[in-house]
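Every read-out reported here was derived from the displayed coordinates using simple, explicitly stated rules and does not represent laboratory data. On a predicted model such as this, the values are computed, not experimentally measured, just so you know. Every residue, glycine among them, receives a Cβ derived from its backbone with ideal geometry; neighbour counts consider all protein chains shown.
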Amino acid sequence: ETITIPTGSWRSGTYRYIAHDYTTAGSTGYASSTKFAQSGTTVKVYYNDTETTYNVPNSAGTLWTVFTIDGSSKVITTVNSMTAHNQTSSSIE
């Protein structure tokens, strides 16, 4: 998956980049599952001629909050946390 934010299209607000393990969501034991952590999933961000790689944390959960972006300042802040989320649809708040 590639997401591109063109120059001039930044808007104020806080944006979160989140990855969700749908293969475990909806199943019994999803909160203690380490399937996502063992997946080797990575996220690469290319910004200001710099590449940053985020690796999925080695902890239980189905929802990985990777980072936030402040739309006004254009600052990326690492979050890198796992939580349990049992939703099986693509709508995550």
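A few remarks follow.
- Fully extended contour minus Cα-Cα distance, from Glu51 to Ser73, at 0.36 nm per residue: 6.0 nm
- Separation in nanometres of the label points that stand 7 Å from Cα toward Cβ, at Ile18 and Ser59: 1.6
- A cut-off under 13 angstrom between Cβ atoms defines the neighbours of Thr14, and their net charge, with Lys, Arg +1 and Asp, Glu -1, is +2.
- Derived scalar couplings between HN and Hα for region 67-84 equal 7, 10, 10, 8, x, 7, 8, 6, 9, 9, 10, 5, 10, 6, 10, 10, 9, 9 Hz in order, rounded to whole Hz, by the Karplus curve 6.51 cos²θ - 1.76 cosθ + 1.60 (θ = phi - 60°), x for Gly and Pro.
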